[in-house]
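Remarks on the structure that follows.
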Amino acid sequence: LEHVPYTVLPGEVQPFSPTTLTGQKLLEMFQRLLSHFGPQNWWPADTPLEVMIGAILTQNTSWTNVEKAISNLKEKGLISLERLLSLPAKDLAEIIRPAGYYNIKTKRLKNLLTFIAGQYDGDLVRFFNQETDVIREGLLSVNGVGHETADSIVLYAANRPLFVVDAYTHRIMSRHELAPEEATYHDIQSLFMDHLPEDVSLYNEFHALMVLTGKDYCRRNPLCRDCPLNRWEGRG
Ligand code: SF4
């Protein structure tokens with residue numbers, strides 16, 4: 001198989017030789033998306049805590065709505081574990097209202113922060129300084145944190161190489177017949193992680209690019225004609 005370098009961040013080229021046909025296909029897909037959209041440098045947040053807050057707020061809503069909620073929190077100086085925990089739930093719900101499902105998200109946010117405060121004295125560095133599996137299992141033990149939210153936090157806040165699978169990724173892989181429609185989160189995550197190098201920058205960019213592809217092109221009614229993945233793996 002061909003030895004192909006890929007560029008993730010400007011100036012950063014990492015050699016990668018796919019050892020399987022699936023790995024080669026995934027690399028080709030990544031390169032097409034990267035050259036179409038350019039590097040995304042996610043997650044759009046200043047601190048790991050802000051990533052965690054954003055990961056809860058973005059559940060079932062667009063990032064534009066999350067931005068408004070985060071901006072409200074910033075204006076009030078509330079990107080702080082202690083201050084968020086001591087804020088009454090009804091006040092927090094009002095502040096994050098633009099993100100939608102604000103009562104549920106208030107509970108989930110409080111659950112997550114209570115877990116960090118209770119188990120780790122509120123010390124995020126201590127929490128993130130553990131084995132990846134321990135961080136992930138800890139997050140998944142919190143009511144309201146599912147696989148996508150947990151893995152987003154692991155990848156974007158803890159900087160550990162876990163591939164994040166969202167509904168767009170599932171749809172794109174299934175439409176290109178690389179995964180069956182009934183594939184589980186774990187099946188699709190393994191598809192990427194078994195065939196790509198364990199690389200935080202690669203997983204970071206790849207997930208961001210899949211989200212853009214889904215939002216812009218791979219909608220319920222797909223806009224294949226203009227999509228960068230048109231004529232790739234059986235579509236077009
Ligand atoms: S080519 Fe069509 S099916 Fe494939 S990702 Fe683009 S929009 Fe979706």
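Annotations
- Count of residues meeting criterion [in contact (Cβ under 8 Å) with a residue 24 or more places away in the chain and outside any loop (DSSP other than H, G, I, E, B)] in region 189-217: 20
- Residues satisfying the stated conditions in region 36-51, i.e. part of a helix (DSSP H, G or I), within 18 Å of ASP166 (Cβ to Cβ) and touching a Phe, Trp or Tyr at 6+ places or on another chain (Cβ under 9 Å): VAL51
- Any chance ILE104 is exposed (fewer than 15 other Cβ atoms within 10 Å of the Cβ), among the aliphatic types (A, V, I, L, M) and under 15 Å from VAL145 (Cβ atoms): yes
- Screening region 54-82 for residues that are within 13 Å of the chain's Cα centre (by Cα) and in a helix (DSSP H, G or I) and picking the one that is farthest from ARG136 (Cα to Cα) gives TRP63.
- Any chance SER71 is without any contact (Cβ under 8 Å) to a residue 12 or more places away in the chain and surrounded by fewer than 16 Cβ atoms within 10 Å (Cβ to Cβ): yes
- Any hit, region 202-215, residues being away from the ligand (no atom under 11 Å from the Cβ), closer than 20 Å to SER35 by Cβ, surrounded by 16 or more Cβ atoms within 10 Å (Cβ to Cβ) and among the hydroxyl-bearing types (Ser, Thr, Tyr): yes
- All conditions but one from (1) within 14 Å of the ligand (Cβ to nearest atom); (2) surrounded by fewer than 20 Cβ atoms within 10 Å (Cβ to Cβ); (3) within 18 Å of GLU28 (Cα to Cα) apply to ASP194; the one that does not is (1).
- Qualifying residues in region 174-188 (those that are within 16 Å of GLU233 (Cβ to Cβ) and outside any loop (DSSP other than H, G, I, E, B)) - the one farthest from the chain's Cα centre (by Cα): ARG175
- Just one residue in the set ARG171, ARG220, ARG225 is assigned to a helix (DSSP H, G or I) and more than 19 Å from LEU27 (Cα to Cα); that residue is ARG225.
Yes/no per residue for (1) within 8 Å of the ligand (Cβ to nearest atom); (2) surrounded by 19 or more Cβ atoms within 10 Å (Cβ to Cβ):
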site: TYR156; (1), (2): no, yes
site: PRO180; (1), (2): no, no
site: SER190; (1), (2): no, no
site: LEU223; (1), (2): yes, no
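- Some residue of region 94-111 being more than 20 Å from the chain's Cα centre (by Cα), of a type in the set (Gly, Ala, Ser), away from the ligand (no atom under 16 Å from the Cβ) and not in a loop (DSSP other than H, G, I, E, B): no
A short reminder: the numbers here are calculations on the coordinates, not readings from a lab. Keep in mind the model is a prediction, meaning the values are calculated, not measured. No Cβ is skipped: glycine too gets one built from the backbone with ideal geometry, and neighbour counts run over all protein chains shown.
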